[in-house]
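Visitor: My questions all concern the structure below.
Just so it is clear, none of the values below were taken in a lab; they were calculated from the coordinates. Here the structure is a predicted model, which means the values were calculated and not measured. Positions of Cβ are backbone-derived with ideal geometry, glycine not excepted, and every protein chain shown enters the neighbour counts.
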Amino acid sequence: MAKNELTNGMERNVLIGLLVLGAVGGVAGLMSSDRFWFSFLQNSLFVLTIALGAVLFVAFKSVSNAGWATVFRRVPEAMMAYVPIGGLLLLLVFFGRNTLYPWTNPAMETHGADLQLGFKHLWLSTSFFFGRMVAFLAIWCGLIYGIRKASFQQDADGSVEHTRKRKIYSSIFIVVFGVTFSLASFDWIMSLEPMFYSTIFGFYLIAGTLTSSAAAITLLVIWLKQRGHLPAVGDKHMHYLGQLVMGFATFWAYMWISQYLLIYYANLPEETIYYYRRTGTTGWFTFFIVNLFLNWVIPFVMLLPRQVKMNAKWMVAACSIALVGHWLDFYTMIFPAFFGSPMISYVDIALLAGSIALFLLVFFRSLGAKGMVPRNDPYLEESVEHEHLEIVYSLKAGTMAD
Amino acid sequence: MRATEPSEKTVRYTAAFFDNEHDLMAIAAEARLRGFEIQDVFSPYPIHGMDRAVGLERSRLGWIAFAAGALGLISAILLQVWTSAYDWPLNVGGKPFNSFPLFVPVMFELTVLFSGLISIGVLFMMNRLWIFSKKKIFEGVTDDQFVLVLKQADASFDTEKAARLFKKYGALKVMEGDKFV
């Protein structure tokens, strides 16, 4: 039984309906469409990276002793709860490996690419590939469990020890994630085109992950605040979140140009093929440019003024654009490898709706199960603005339910 | 925080010293409510929400930073297109002379450089805290003191009322003076 009812019956029904729609569309796509596995990979990664970005958000905050986000920390903590479920879903890719990954085909040599594979041959073997996948997901889930548990235990006993523990887990997570996520992105996305490689690919994805999760946190915080669930969130928090979205979007653009520029400069066939496929046809080139605009140009320009960051409507618009951009980013990473022209079919829509619905259902369930505010966190007072201190005091005294 | 208007040569003022930001923020808000005119506030570090408490209008510095950044961006484009495509075209690695992607790093750098340097320069000019300035402000405001400065615009300034207000918020020290900053 949930402690807080965050969604009313109708909203929950809509979410469940979307989830069913996703499942039905997915099954139909699996039967009849050659796009299913690509779309499945894209949408699973889209939602999973948002959840992983939320872990990074909390971990960065914890490691840097930043107090400002404490008051809404339960939001990213609830987003993390999706990682085990999203990870299990992603493992289903095992059944689509022959469609997705050309290196699973023993006859790949015959495609004129005798794969200067060598090392890649060993690296991209089915058992090692999925072994790594399970290991990465398991490590992430373990650390997420540690971070979340310490946070909830602090609610109960108020010991500062848990803050220290979270910091240790967070430090480990950041270091481990940097390496494992880089490798995971090489595996899951880059190996769709096994001849292509770019060493910055992982960091490019981490940049997108950070942007989209900051945007998703902002959207969820705004939604919860407007429902009255987070009364102590004020202008300061919206301002900082807006700065994060804008900063990470710029970081994404920096990574984007870093990857593009070096490949453009060096002009090596096995590298340029990646951009050739994405800019060679009018259809994909349009997506290529739109992707750049949605992920960086529009959010950056929109979020420049200070007032905009504190204006809920503008923030919702900017963050939604950044999220659409993140989805499109995966689209232009995955699909051009196999399809000559861009197209969006019912499979994509159904799977997108289903993944988002599943994510939100897990999110609301996890958020509702525990207190909305980490009431015993030593940084709680620091995180709220002066005028909201009363709320925090009454939370601590237990005179107000959260 | 913003300094005084350059046109004002002498101003009679009362300054109250506090030892924390919360008192300063609260007294600034209350002083404004009670009709005092705030000359300025000083703190060792920027305090969030202080601009609202003092009633500052929005800073124009953002526009200057934006304009400076745009100037840097345009300069970078002009500089590179002119040098590498018109004035002295050089074939580098078989790329077209006018290779836009190659110009991006310099465009980025000049945008940041212009925007950063010009806004810092303008900031110092606007608040008259030029690096070579020998002006002394208050003892300890760069260390651990938080100072509220009330302007005594005319004879209507109620010294008693001000003293009561200072006492309420536990001022450590109160001083009066002329020719502020």
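Visitor: Just the Cα atoms of chain B, one point each, no solvent: what log10 I(q)/I(0) does Debye give at q = 0.08, 0.15, 0.19 Å⁻¹?
Guide: Cα-only, vacuum Debye calculation for chain B: -0.42, -0.89, -1.24.
Visitor: Taking loop as defined by DSSP and a crowding limit of 14 other beta carbons within 10 Å, which GluC sites (Glu not before Pro) in the stretch B:13-90 fit?
Guide: Numbers: sites: B:Glu21, B:Glu30, B:Glu37, B:Glu57; in loops: B:Glu57.
Passing sites in the stretch B:13-90 are B:Glu57.
Visitor: At 7 Å along the Cα-to-beta-carbon direction for both B:Asp144 and A:Leu262, put a label point, then send me their distance in nm to one decimal.
Guide: With each label point 7 Å from Cα toward Cβ, the separation is 5.0 nm.
Visitor: Further question on the same structure: Relative to the compact-globule scaling 2.2 N^0.38 Å, provide the ratio for the alpha-carbon radius of gyration of the protein assembly as shown. Don't skip to the answer; put the middle values down first.
Guide: On the way: Rg = 28.3 Å, N = 583, 2.2 N^0.38 = 24.7 Å.
Expressed relative to 2.2 N^0.38 Å, the Cα Rg reads 1.14.
Visitor: Rounding to the nearest 10 and keeping the result within 0 to 90°, find how far the Cα-based axis of helix A:282-292 lies from the longest principal axis of chain A.
Guide: 30
Visitor: Using a Förster distance of 41 angstrom, determine the FRET efficiency expected from the C-beta separation of B:Ala67 and A:Val316, and round it to 0.05.
Guide: On the way: r = 29 Å, r/R0 = 0.70.
After rounding to 0.05, the efficiency reads 0.90.
Visitor: If you don't mind, another one. Kirkwood hydrodynamic radius, the stretch B:94-144, all distinct C-alpha pairs: what's the number in Å? Let's see the in-between values first.
Guide: Details: mean 1/r = 0.0687 Å⁻¹.
After inverting the mean inverse Cα-Cα distance, the result is 14.5 Å.
Visitor: Additional query: Size of the dipole of the stretch B:32-120 about the Cα centre, Lys and Arg at +1 and Asp and Glu at -1 on the beta carbon, nothing else charged, in debye to 20? Don't skip to the end; give the middle numbers.
Guide: Numbers: 6 positive and 6 negative charges, 49 e Å.
Value, rounded to 20: 240 debye.
Visitor: Once you compute Rg and the Kirkwood Rh from C-alpha atoms, what is the Rg to Rh ratio for the stretch B:63-126?
Guide: Details: Rg = 14.4 Å, Rh = 12.6 Å.
Ratio of gyration radius to Kirkwood radius for the stretch B:63-126: 1.14.
Visitor: Taking the dipole about the Cα centre of the protein assembly as shown, with the C-beta of Lys and Arg at +1 and of Asp and Glu at -1, give me whichever of B:Leu165, A:Phe335, B:Pro105 is farthest to the positive side.
Guide: B:Leu165
Visitor: Among the chymotrypsin sites (Phe, Trp or Tyr not before Pro) within the stretch B:111-142, which fall in a DSSP loop and have no more than 10 other Cβ atoms within 10 Å of their own Cβ? Write out the running numbers ahead of the final one.
Guide: Working: sites: B:Phe114, B:Phe124, B:Trp130, B:Phe132, B:Phe138; in loops: B:Trp130, B:Phe132, B:Phe138.
Those that pass, being in a loop and sparsely packed, are B:Phe132.
Visitor: Just to be sure I understand the model, the point goes 7 Å from the Cα along the line to the Cβ. What's the resulting B:Lys173 to A:Cys141 distance in nm?
Guide: 6.3
Visitor: What size of dipole, in debye to the nearest 20, comes out for chain A about its Cα centre when the only charges are +1 on Lys and Arg C-beta atoms and -1 on Asp and Glu C-beta atoms?
Guide: That gives chain A a dipole magnitude of about 560 debye.
Visitor: Roughly what angle does helix A:269-279 make with the longest principal axis of chain A, taking Cα atoms, 0 to 90 degrees, to the nearest 10?
Guide: The angle comes out at about 70 degrees.
Visitor: Above 19 Å lies some portion of the pair distances; for the stretch A:190-251, what is it as a whole percent of all C-alpha pairs?
Guide: Details: 879 of 1891 pairs.
Summing the P(r) of the stretch A:190-251 above 19 Å gives 46 percent of all pairs.
Visitor: Determine the distance separating the Cα centre of the stretch A:70-98 from the Cα centre of the stretch B:79-139; give it in Å without decimals.
Guide: 43
Visitor: In the Gaussian network model of chain B, springs joining C-alpha atoms below 10 Å, which of B:Asp87, B:Asp143, B:Asp51 carries the largest mean-square fluctuation?
Guide: So, out of B:Asp87, B:Asp143, B:Asp51, the one fluctuating most is B:Asp87.
Visitor: Let me ask you something else. With θ set to phi - 60° and the Karplus curve 6.51 cos²θ - 1.76 cosθ + 1.60, what are the ³J(HN,Hα) couplings of the stretch A:365-378 in order, to the nearest whole Hz, using x for Gly and Pro?
Guide: Karplus-based 3J(HN,Hα) across the stretch A:365-378 equals 5, 5, 5, x, 6, 10, x, 6, 10, x, 5, 9, 6, x Hz.
Visitor: Here's something else I'd like to know. Please compute the net charge surrounding A:Tyr265, taking Lys and Arg as +1 and Asp and Glu as -1 over other residues with Cβ under 12 Å from its Cβ.
Guide: Values: positive: B:Lys95; negative: A:Glu271.
In short, 0.
Visitor: Could you work out [θ]222 nm for the protein assembly as shown from helices alone, using -39500 (n - 2.57) per DSSP H run of at least four and dividing by all its residues? Round to the nearest 500 deg cm²/dmol.
Guide: On the way: 23 runs with 363 residues, N = 583.
Using -39500 (n - 2.57) per qualifying helix, the result is -20500 deg cm²/dmol.
Visitor: Extending each Cα 7 Å along its Cβ direction at A:Ala397 and B:Arg60, get the distance between those two points in nm, one decimal.
Guide: So the label points at A:Ala397 and B:Arg60 sit 4.8 nm apart.
Visitor: Per residue of the stretch A:340-353, what does 6.51 cos²θ - 1.76 cosθ + 1.60 with θ = phi - 60° give for ³J(HN,Hα)? Whole Hz please, x for Gly and Pro, Karplus curve as stated.
Guide: Karplus values, whole Hz, x for Gly and Pro: x, 9, x, 7, 10, 10, 4, 4, 4, 4, 4, 5, 4, 4.
Visitor: Moving to a separate point now. Taking θ = phi - 60°, what integer Hz values does the Karplus form 6.51 cos²θ - 1.76 cosθ + 1.60 yield along the stretch A:381-390, in sequence order, with x for Gly and Pro?
Guide: Per residue, the Karplus-derived 3J(HN,Hα) values read 4, 4, 7, 9, 7, 3, 6, 9, 4, 4 Hz.
Visitor: As I understand it, the value is the acute angle between the Cα axis of helix B:21-33 and the longest principal axis of the Cα atoms of chain B; what does it come to in degrees, rounded to 10?
Guide: 70
Visitor: Under the definition of Cα pairs under 8 Å and six or more residues apart, what whole-number percent is the relative contact order of chain A? Don't jump to the answer; show the numbers that get you there.
Guide: Working: 510 pairs, mean separation 130.8, N = 402.
About 33 percent, as a whole number.
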